[in-house]
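Data first, discussion second: the structure below is written as structure tokens.
The values are calculated or read from the model by the stated rules, or taken from the named source; none is laboratory data. Just so it is clear, the model here is predicted, and its values are computed rather than measured. Cβ: placed from backbone, ideal geometry, glycine included. Neighbour counts: every protein chain shown.
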Amino acid sequence: MLWRVMGILASASVLAGLLQPAESLPLSSPRADAPRPTIAATVSPPPVIPSEPSDPEPPATEPKPKPVDCAKLKCVALTFDDGPVSGTADLLRVLKRKHVRATFFVLGQQVTAHPAIIRRMVAEGHVIGNHSWNHPEFWGMSAKAIRRQLARTDHAVASITGHRPTLVRTPFGEINARVRKIARSRGDALILWDVDPLDWKKHSAKVVAKRVITHARRGSIILSHDVWPSTRHAYARIIDGLRAKGFTLVTVPELLGHRLKPGRVYLRA
Ligand SMILES: [Zn+2]
């Protein structure tokens, strides 16, 4: 079984873009049986590696959040990939102001560059997941190399927070039997998504917000990238828009709860 989410979405959007305006694209979910698209290598977004210093703002500990019951509430989970970067602090400010906790799938090399932001995420109740060390394509990599990517990031996060992540999102959403086996043996759940605003491609806060608000459903896992200023600017609007539609915004563990199992792949609740 092969997964290559970004490639599928990118190629679908290239095709759909010829037919209709980008704003009205139906946002597709990753599919288990989809073939590997041949153009994927040319459209996959590169990870953004900023050089700015990390945000010096001190962490402020939040009161412990009340438990949420997603069996009763219309829950969705906001997830952010490829950071942290110094601009992630802007997003954290928005999330704090609006009392939203999210899940960040971080790159190990960014973690070591921005430890203060990681500390702040944890202090403010966000969940940290592993998105590899430096965003390589897992397909075609040896088990040893994949394990090294994940372990280096575990170590970087644990050296700051005291805990290693147990949620993994592979770069580009690439999952195959080898990746699942590794995840199972490490005790990691594999978290993909069902809503992708293609924010790495469309740098418009307004468009990204509209796509997320339009396509979120009960149980959705929403993908975005905190490395883009346009995405960070979109989130005040997105949070208000989702709440206006009756959604409760939760972390991935809150959304999936006891259903999280090592080696399993989740696109939504
Ligand atoms: Zn990524």
Original post:
With Pro84, Pro67 as the choices, which residue is in contact with a His (Cβ under 8 Å, 6 or more places away or on another chain) and either at pLDDT 80 or above or within 16 Å of the ligand (Cβ to nearest atom) (or both)?
Top reply: Pro84
Subject >> Which numbered condition Met141 misses (of (1) in contact (Cβ under 8 Å) with a residue 12 or more places away in the chain; (2) farther than 24 Å from Val68 by Cα) >> reply: (1)
**OP:** Provide a single number: the residues in segment 211-229 that are more than 21 Å from Leu73 (Cα to Cα) and in a strand (DSSP E or B).
**Re:** 2
Original post:
Tally time: how many residues in segment 92-143 are modelled with pLDDT under 95 and either buried (at least 17 other Cβ atoms within 10 Å of the Cβ) or within 16 Å of the ligand (Cβ to nearest atom) (or both)?
Top reply: 1
Original post:
What are the residues in segment 230-248 that are touching a helix residue (DSSP H, G or I) at 6+ places or on another chain (Cβ under 8 Å) and either surrounded by 24 or more Cβ atoms within 10 Å (Cβ to Cβ) or in a helix (DSSP H, G or I) (or both), if any?
Top reply: Ser230, Thr231, Arg232, His233, Ala234, Tyr235, Ala236, Arg237, Ile238, Ile239, Gly241, Leu242
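For every residue, the table says whether it meets (1) at negative phi; (2) surrounded by fewer than 17 Cβ atoms within 10 Å (Cβ to Cβ); (3) without any contact (Cβ under 8 Å) to a residue 24 or more places away in the chain.
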| site | (1), (2), (3) |
| --- | --- |
| Ser159 | yes, yes, yes |
| Leu167 | yes, no, no |
| Gly173 | no, no, no |
| Ile182 | yes, no, no |
| Asp188 | yes, no, no |
| Asp194 | yes, no, no |
| Val212 | yes, no, no |
**OP:** Please indicate, with yes or no, whether at least one residue in segment 161-174 is hydrophobic (A, V, I, L, M, F, W, C) and more than 12 Å from the chain's Cα centre (by Cα).
**Re:** no
**OP:** Output the number of the condition that Val208 fails; it satisfies all remaining conditions of (1) in a helix (DSSP H, G or I); (2) touching a Pro at 6+ places or on another chain (Cβ under 8 Å); (3) surrounded by fewer than 20 Cβ atoms within 10 Å (Cβ to Cβ).
**Re:** (3)
Original post:
Out of segment 161-180, which residues are in a helix (DSSP H, G or I) and either within 12 Å of the ligand (Cβ to nearest atom) or touching a Lys or Arg at 6+ places or on another chain (Cβ under 6 Å) (or both)?
Top reply: Pro171, Phe172, Gly173
Original post:
Could you say which residue among Arg147, Arg152 is closer than 23 Å to Tyr266 by Cα and basic (Lys, Arg)?
Top reply: Arg147
